[in-house]
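K.L.:
Could you have a look at this structure, given as structure tokens, before my questions?
The values are calculated or read from the model by the stated rules, or taken from the named source; none is laboratory data. What you see is a predicted model; the values in this text were computed from it and never measured. Cβ sites come from the backbone with ideal geometry, for glycine too, and all protein chains shown count toward neighbours. SASA here: full protein model, heavy atoms, side chains in, ligands and nucleic acids out. Shrake-Rupley method; radii C 1.70, N 1.55, O 1.52, S 1.80 Å.
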Amino acid sequence: MTHLILQAPDLDAAKAEQIAAVAGANGLQSLSNTATRLLDVDPSSRPEVERLCAELRVDYAYLERVARLAECKILATDMDSTLINIECIDEIADMAGRKAEVAAITEAAMRGEIKDFSESLRRRVALLRGVPQEALERVYQERLRTNPGAERLIVSAKAAGLKIMLVSGGFTFFTERLKQRLGLDAAHANVLEIDQGKLTGRVLGDIVDGQAKATHLQTLAAETGATPEQIIAMGDGANDLKMLSLAHYSVAYRAKPVVREQTRYALNYSGLDAVLNWFRG
């Protein structure tokens with residue numbers, strides 16, 4: 001039996017019933033004022049349902065079974081533009097008047113146009129040479145916010161016993177603060193070199209690129225005995241794809257087309273806590 005979860009900030013009965021008719025649903029269950037479960041839908045209607053959901057700006061998720069959240073073991077998430085609302089490197093660059101130049105490289109990398117993430121990161125970090133260390137603190141305090149639903153998702157996942165890992169092509173300055181603030185189990189990111197209170201324009205150690213993200217998730221999966229069906233992974237850029245491929249619940253959050261095309265689920269309109277409606281308590 002196939003179920004279909006519909007979610008949107010402005011999901012009303014009319015939209016849900018319109019999609020239910022196209023999907024051939026045998027029933028509707030309201031989950032909240034922003035979510036509805038359609039029961040026993042016709043899988044062959046999926047292309048038409050997808051077109052209608054895009055037109056109505058509704059997120060959808062097809063589920064063969066509605067598992068308990070506690071059956072999962074891992075929630076792994078990217079940081080920049082997924083867990084949080086900004087690309088930290090772009091905002092650091094903004095402090096130095098170099099945002100446009102850095103952001104252009106960031107966008108090309110996230111779209112998958114620059115295949116070598118490590119090289120793109122080094123190019124961007126080089127543009128930060130001479131930026132005072134205080135700029136990092138300003139970005140964290142003044143500009144960094146968790147995306148809607150992030151904290152509710154994390155609290156619920158922790159309560160259900162999941163290990164939560166933040167893995168980022170960004171920087172440890174931010175991931176370590178978020179790890180402490182949100183009570184995460186693990187965080188992995190890149191280390192900015194700082195000399196005499198200023199960024200040198202270099203990254204220390206190995207770059208956390210797409211393969212490194214996947215390797216960190218594989219390591220945690222081995223430690224916890226998690227199968228792909230027990231992993232939720234979220235990301236928005238091309239460098240998240242290898243990590244996302246390891247998870248049954250692969251989630252593209254406000255993602256680039258190349259990511260939406262290769263993940264099982266997408267959240268284009270709803271908050272991150274929309275993931276919770278795919279599960280039973």
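K.L.:
In the range 38-59, which residue that is without any contact (Cβ under 8 Å) to a residue 60 or more places away in the chain and touching a strand residue (DSSP E or B) at 6+ places or on another chain (Cβ under 6 Å) is most open to solvent (accessible area, probe 1.4 Å)?
P.N.:
For the range 38-59, the residue satisfying everything is LEU39.
K.L.:
Find the helices (runs of 4 or more DSSP H) located wholly in the range 92-169 whose residues include 1 or more that are touching an Asp or Glu at 6+ places or on another chain (Cβ under 6 Å) and among the β-branched types (Val, Ile, Thr), and list them.
P.N.:
The helices (runs of 4 or more DSSP H) meeting that bar are 99-110.
K.L.:
Which one is most open to solvent (accessible area, probe 1.4 Å) among residues in the range 248-271 that are touching a residue at least 60 places away in the same chain (Cβ under 8 Å), touching an Asp or Glu at 6+ places or on another chain (Cβ under 9 Å) and in a loop (DSSP other than H, G, I, E, B)?
P.N.:
Once the filter is applied, the top-ranked residue is ARG254.
K.L.:
A follow-up question, please. Of all residues in the range 184-222, how many are assigned to a helix (DSSP H, G or I), touching a residue at least 12 places away in the same chain (Cβ under 8 Å) and open to solvent by 60 Å² or more (accessible area, probe 1.4 Å)?
P.N.:
Within the range 184-222, residues that are assigned to a helix (DSSP H, G or I), touching a residue at least 12 places away in the same chain (Cβ under 8 Å) and open to solvent by 60 Å² or more (accessible area, probe 1.4 Å) number 2.
K.L.:
Please return the ranges of strands (runs of 3 or more DSSP E) entirely within the range 1-85 where 3 or more residues are aliphatic (A, V, I, L, M).
P.N.:
Details: elements: 3-7, 27-32, 35-39, 59-63, 74-77.
In the range 1-85, the matching strands (runs of 3 or more DSSP E) lie at 3-7, 35-39, 74-77.
K.L.:
If you check ALA8, ALA100, which single one turns out to be hydrophobic (A, V, I, L, M, F, W, C) and at pLDDT 95 or above?
P.N.:
After ruling out the rest, the residue left standing is ALA8.
K.L.:
Give the residues of the range 207-247 that are of a type in the set (D, E, K, R) and more than 11 Å from THR263 (Cβ to Cβ), sorted by residue number.
P.N.:
We begin by selecting, within the range 207-247, every residue of a type in the set (D, E, K, R); these are 209, 213, 223, 229, 236, 240, 242.
ASP209, LYS213, GLU223, GLU229, LYS242, listed by residue number.
Each row is one residue, and each column tells you yes or no for (1) over 24 Å from ARG68 (Cβ atoms); (2) open to solvent by 10 Å² or more (accessible area, probe 1.4 Å).
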residue	(1), (2)
GLY130	yes, yes
VAL139	yes, no
ARG143	yes, yes
ALA150	no, no
ALA157	no, no
ALA160	no, yes
LYS163	no, yes
SER168	yes, no
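K.L.:
Mind checking which pairs have a first residue in the range 96-110 that is under 20 Å from THR200 (Cβ atoms) and open to solvent by 10 Å² or more (accessible area, probe 1.4 Å) and a second that is assigned to a helix (DSSP H, G or I) and of a type outside the set (Asp, Glu), Cβ under 8 Å, 6 or more apart or different chains?
P.N.:
These pairs meet every condition: ALA96/ALA135; LYS99/ALA93; GLU101/ALA93; ILE105/SER120; ILE105/ARG123; ILE105/ARG124.
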